[in-house]
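See structure below.
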Amino acid sequence: MSNAPWLPPCTADDWDDGRRWRRLRDTRTGHHWVRFGRLRRALARTAVAALPLVALFTQYWAWDVAPVRERLALTQPQLHPIHDAASREDRDTAVVDLVGLGNLDATETATALPALSELGQVWAVEYDNSGLDTAVVSRLIHERAAWSGIENIVLTGHSMGGIIALEVAQHLYQDTDLEVTGVILDCTPLDLHAVRADARSAGEDLLRWIGWLPGARESRSMRMLVEVVARMDRFVLPSDRWYRRIDTEELRDVAVEVLNDKIFSTDAASNGLIESQFRAIVASGAIDNLRALADERDDKIRPAVVFLRPRNALSDNVIDVEYSHRILIDQSGGVDGTLLVSKLDRTGHANPIQAPAEYNTAITDRVVPFVDGRPGEVEDEDEDEQSQDGEFSDVDRPGVRPIVDLDRIAPG
């Protein structure tokens, strides 16, 4: 038999909302907590509410972050041989190709540039997908050169890869006995201001996501979100209203493209590598690298600096090549400079795979004679600029190369 006191049945007149709330308060969990009662009850409610979030985060870490982190821990930078030297006399030279932001392996790009073999053997760098350390890359090149009988190095960097090429060149120039005979920069942003606003905003957004979200450096779901948002101009339709319409078919195509090219592909750069690559631009160390390469060092020849860019600056929708061009003239140009600027027709932003004929023609006709230091005739439509900055005939002077702005590159 129940020990509860007997109460008469309630009638409609007995209904009291205040009394009901008092009863609920007196019977709730933790109602007997006197010391820090409100705080303890708030913490208890928060813990209960956070349980689904904790479960979701656990699944995110176990299925998305941890497997990628384990795989990336086993990666390391590599050098892949691509082309043998075209001439036996050039086998003591290696041309090392490096790709830019969002790319992992330079093999495909170097394969599209057989003209580089006129300078020497051609190697392609595959980055460490867990991050980027130019000292490690330079040490890898030095070790490979030592047992391959290589004495001279030419570094080629496409887009942001040019910044990496300059850093590696400085390591090799200052810390090894190798001769760095040239650095070829293809549409390279020499600091963050050279990156056009849209591309700069996408990179800064990625850094913010990676900075505050745990596991974002390895997360495939975060990579999916960032890559899709970066392509939103393809599926977000313009509208005069406050909201935008979505092209669902184009959104689906974008999602499939990102899944195939960035998420499931083993050749795609990781979020961590992209972060390291973009930070190399933000650091704006390229000017210091150029100054270091311009300094006389023992009996070494100063490296030639070559800048490949579209003739029409607007053809490059990622980098302001005119801005980089001016920096290079200030740092590496002049009568006693080491700069060659070559303007290419029908090219865009660092696209040798899409325009191999133009690139290979420029390398054969202009870059190879300049880097090798062989005398040759160079026609330039801008005679005033050439006479002001130096004559190409000075190229045979050891350690000193003038700036030559090649404004006419024969189409391939």
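Just to verify a number: what accessible area does residue 232 come out at with the full protein assembly present, 1.4 Å probe, Å² rounded to tens?
Number for this one is 90 Å².
Highest mean first, how do 162-170, 263-271, 308-316 rank when packing is the count of other Cβ atoms within 10 Å averaged over residues? Don't jump to the answer; show the numbers that get you there.
Values: 162-170: 26.9, 263-271: 16.8, 308-316: 18.8.
With the highest mean Cβ count within 10 Å placed first, the list reads 162-170, 308-316, 263-271.
Tell me, in nm to one decimal, what length is gained between residue 193 and residue 54 on full extension, where the rule is 0.36 nm per residue of separation less the Cα-Cα distance? Please report the intermediate quantities before stating the final value.
Values: separation 139, 0.36 × 139 = 50.04 nm, distance 4.11 nm.
Once the chain is fully extended between residue 193 and residue 54, it gains 45.9 nm.
Can you tell which of 172, 182, 248 lies farthest toward the positive end of the dipole of the stretch 156-265, using +1 and -1 charges on the Cβ of basic and acidic side chains (Lys, Arg; Asp, Glu)?
Result: 248, furthest along the dipole toward the positive end.
Between residue 239 and residue 74, what length in nm is gained on full extension when 0.36 nm per residue of separation is reduced by their alpha carbon distance?
Values: separation 165, 0.36 × 165 = 59.40 nm, distance 4.76 nm.
Contour length minus the Cα-Cα distance gives 54.6 nm.
On a C-alpha basis, how far is the centre of the stretch 207-244 from the centre of the stretch 252-325 in Å? Whole number, if you could?
With the stretch 207-244 and the stretch 252-325 each reduced to a Cα centre, they are spaced 22 Å.
Could you compute the FRET efficiency for residue 201 and residue 257, with r as their C-beta to C-beta distance and R0 at 30 Å, rounded to 0.05?
Details: r = 21 Å, r/R0 = 0.69.
Efficiency, rounded to the nearest 0.05: 0.90.
Report ³J(HN,Hα) in whole Hz for each residue of the stretch 162-167, in order, from the Karplus equation J = 6.51 cos²θ - 1.76 cosθ + 1.60 where θ = phi - 60°; Gly and Pro get x.
My calculation for the stretch 162-167 gives x, 5, 5, 4, 5, 5 Hz in order.
By its C-alpha gyration tensor, with a ≥ b ≥ c as the square roots of the eigenvalues, how is the stretch 239-279 shaped: rounded for a/c under 1.5, else prolate for a/b larger than b/c, else oblate?
Note, shape of the stretch 239-279 comes out oblate.
Based on the alpha-carbon gyration tensor of the stretch 282-364 and its eigenvalue square roots a ≥ b ≥ c, which shape applies: rounded if a/c is under 1.5, prolate if not and a/b is larger than b/c, or oblate?
Prolate, because a/c is 1.5 or more and a/b exceeds b/c.
The values are calculated or read from the model by the stated rules, or taken from the named source; none is laboratory data. From a predicted model like this one, the values you see are computed outputs, not experimental measurements. Neighbour counts run over all protein chains shown; Cβ positions are idealised from the backbone, glycine included. Surface areas here come from the heavy atoms of the whole protein model, side chains and all, with no ligands, DNA or RNA. Shrake-Rupley method; radii C 1.70, N 1.55, O 1.52, S 1.80 Å.
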